[in-house]
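Everything on this sheet refers to the single structure shown next.
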């Protein structure tokens, strides 16, 4: 933790952090979507696929280039202002000081779907995407990128920090055994966000979201992409080994919920504004969205609930797309963020779950330091952050989470879609 | 030209050649003038539409990494069966939207055209001002305004004028109202063009012939403005049917429109052939509806005015 950040702590954080929701307001907006479709058609014409069998040793041999192009989600990296008032990324500046490599960081990913739509044509045509690092959540787009070998397999001998400090759940996840292609950036939990002032009694489990007496009519939000797996977990089904029969069981619960009249909207994103605005009493929610509003933005009527039946764990992963100009430099950047000191700077700012061990202790240390310097409010927020059981989930919580069903091929995907999409699209 | 003319008599062999090339050029010039526009349409309309049609007949999936052209007509039959509810809903919504927009826009543009005086253009500009802000952002602002405990309803609820559970958002009404607002300028502009063109002396003449104000409107202004109404209907109805922003921001369960399905297929399912098939179906349906409409109600004049406004 560099000292220049403590000079202007709390206040600066508040100003810089104009967060709405991690997943942006509305994916792509109209124009982006329209623009993309032509590219998709063109892409559909080409049938070239990816890198073939690449030997990581070849890709990652030689010296790192001068610059790394890094595409990430909004508000997902620590920021600060220099003396002239220009915003910069402290952890990347330190990286440059240490290695001489400049990282061109752009918060350009609004959603997995939209970003995949943008890069897919280039990847399918065998062209470079222009990016050296991209960040994609485990899920359909991730699987397609790795299956088609549109991302480089990493040189696993060149990530010492990762080997030493990666948290257990981020090591060799089911969707990427041996971290062959990916390293976690940040992660989070899909649970329930509750507006405690608007619900009757306590919301503790999934079934409460289908109970109009508790949550009211037309006032529950559901997350379209996450809900199939989330419902399975809460019905006691292990998504990993589930098949069409189990999927139909989950769909039946969702239909029952829809018929109960509690659902207000099936969201891709944007639910958090409806929660803070009082339109939703309770909603499926991503931990970081609720925690930020509760801990740092003053919404003390919000609460994040880990449902009795379990929750989903998701990881946003750093990947190196095929055609990247500087894979060596990219891998250095990726490993840089597995230095606990650097990871702490990120966590204190982004408030999602860090895949790096030791971050919790370092935040407490920073809190002590802030306390000693007299920044009491800032110190308290850091303490609350460090002691939050969802930002640093215990083993007991983690044991009750699932990464969800990883769809492997087109047949599975179309079966899945045919079962679940009629619910949100009816 | 003049010198050429005098030459013609003495040396007949040369001028006809020159003359022909001049005539050729004259005939070719309009085509040259069309080239930029035509080329633009070819590259950005015809070509994508062709590709779209090809894509719609492909099979395969995102996981296998490629789609193959296999004359997959099943894409069409399946989509029509599976999504007829959303197709019908989209057409219903946009008919309501178009009629509502016409009812709102007609008196407004009538007033501007007949009583706007020297402020005409300024007032017309006001109609265009909302266009300066992104359509998506404006729709999201609606959400803040109309929130269950938002700016408008919160005070009304606290003084007991509205029941506590009253809401507008996440209902079909919100979607239709949002779309009406979004597409109002598309309705207003062609209407204004038609109304503004009307010779005001005709109304005076009607009055001289002892018609009441209402009769003058019914027998003179309204018929003369019909081309504008025709154009306004098309310009509103067609894009409104394909809209997906309003339904996804302001709607709830059971308000999904066909545009949302296409978006979902493209972005989430990554099923490009089915998404393309749906788009082609929507496009053909719109073409058929629009040409039936034009057959029944259209005139040469109205087609012209649609062209002018569009």
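Descriptive notes on the structure:
- Qualifying residue in the range B:157-167 (condition: touching a residue at least 40 places away in the same chain (Cβ under 8 Å), away from chain A (no Cβ under 13 Å) and more than 24 Å from residue A:263 (Cα to Cα)): no
- Some residue of the range A:208-225 being under 20 Å from residue A:316 (Cα atoms) and at pLDDT 95 or above: yes
- Residue count for the range B:51-92, restricted to those that are surrounded by 12 or more Cβ atoms within 10 Å (Cβ to Cβ) and not in a loop (DSSP other than H, G, I, E, B): 28
- Among the candidates A:173, A:153, the residue that is out of contact with any helix residue (DSSP H, G or I) (no Cβ under 7 Å at 6 or more places or on another chain) and assigned to a loop (DSSP other than H, G, I, E, B) is uniquely A:173.
- Matching residues in the range A:110-135 - criterion: being within 14 Å of chain B (Cβ to nearest Cβ) and touching a strand residue (DSSP E or B) at 6+ places or on another chain (Cβ under 6 Å): A:112
- Scanning the range A:58-108 for residues that are part of a helix (DSSP H, G or I), surrounded by 15 or more Cβ atoms within 10 Å (Cβ to Cβ) and at pLDDT below 95 yields one hit, A:59.
- Of everything listed in (1) in a loop (DSSP other than H, G, I, E, B); (2) out of contact with any strand residue (DSSP E or B) (no Cβ under 7 Å at 6 or more places or on another chain), the single unmet condition for residue B:214 is (1).
Yes or no, residue by residue, for (1) within 11 Å of chain A (Cβ to nearest Cβ); (2) at negative phi; (3) crowded, with 19+ Cβ neighbours inside 10 Å; (4) assigned to a helix (DSSP H, G or I):
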{"site": "B:104", "(1), (2), (3), (4)": "no, yes, no, yes"}
{"site": "B:121", "(1), (2), (3), (4)": "no, yes, no, yes"}
{"site": "B:130", "(1), (2), (3), (4)": "no, yes, no, yes"}
{"site": "B:137", "(1), (2), (3), (4)": "yes, yes, no, yes"}
{"site": "B:142", "(1), (2), (3), (4)": "no, yes, yes, yes"}
{"site": "B:147", "(1), (2), (3), (4)": "yes, yes, yes, no"}
{"site": "B:176", "(1), (2), (3), (4)": "no, yes, yes, yes"}
{"site": "B:180", "(1), (2), (3), (4)": "no, yes, yes, yes"}
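- Positions within the range B:123-137 being under 14 Å from residue B:113 (Cα atoms) and in contact with a helix residue (DSSP H, G or I) (Cβ under 7 Å, 6 or more places away or on another chain), in sequence order: B:123, B:124, B:127
- The range A:397-415, residues that are touching a strand residue (DSSP E or B) at 6+ places or on another chain (Cβ under 9 Å) and within 14 Å of chain B (Cβ to nearest Cβ): A:409, A:410, A:411, A:413, A:414
- Test: residue in the range B:226-239 that is within 12 Å of chain A (Cβ to nearest Cβ), part of a helix (DSSP H, G or I) and either on the phi < 0 side of the Ramachandran plot or touching a helix residue (DSSP H, G or I) at 6+ places or on another chain (Cβ under 6 Å) (or both): yes
- Of all the residues in the range A:275-294, those that are without any contact (Cβ under 8 Å) to a residue 60 or more places away in the chain and under 20 Å from the mean Cα position of the chain (by Cα) number 2.
- Any hit, the range A:118-125, residues being crowded, with 21+ Cβ neighbours inside 10 Å and free of Cβ contacts under 8 Å to residues at least 60 places away in the same chain: no
- Positions within the range B:265-284 being part of a helix (DSSP H, G or I), at the interface with chain A (Cβ under 7 Å from one of its Cβ atoms) and free of Cβ contacts under 8 Å to residues at least 60 places away in the same chain, in sequence order: B:266, B:267
- Considering A:242, A:260, the condition of being within 14 Å of chain B (Cβ to nearest Cβ) and over 26 Å from residue A:356 (Cα atoms) is satisfied by A:260 alone.
The values are calculated or read from the model by the stated rules, or taken from the named source; none is laboratory data. Bear in mind the structure is a predicted one, so any value in this text is a computation, not a measurement. Reconstructed Cβ throughout: ideal geometry from the backbone, glycine too, with neighbour counts over all protein chains shown.
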